[in-house]
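One structure is given below, encoded as structure tokens.
Derivation of every value follows stated rules applied to the coordinates shown; laboratory data play no part. Since we're looking at a predicted model, the values are computed, not measured. Note that we place each Cβ from the backbone using ideal geometry, even for glycine, and neighbour counts take in every protein chain shown.
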Amino acid sequence: MDTKYYKTWEAYIAEHPEIDEKLIPVMAPKIQSYEEMMFGFVMMLLM
């Protein structure tokens, strides 16, 4: 999916190389939960 609003964790890390390696384990679960919530919201809209 090519959009500026929906990004996977891997795409987010690739676009932001300035993120400190120590913060990645803290940020990953939060960003991934946002990813899942966005997917759930889009699926709800389609049904």
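Evaluated with a Cβ-only charge set (Lys, Arg +1; Asp, Glu -1), the chain carries a dipole of roughly 180 debye about its Cα centre, given to the nearest 20. Evaluating 6.51 cos²θ - 1.76 cosθ + 1.60 at θ = phi - 60° for every residue in the range 22-36, the Karplus couplings come out as 6, 7, 4, x, 7, 7, 3, x, 5, 5, 5, 5, 5, 4, 5 Hz, glycine and proline recorded as x. Charged neighbours of ILE13, selected by a Cβ distance under 11 Å, balance to -3 (K, R count +1; D, E count -1).
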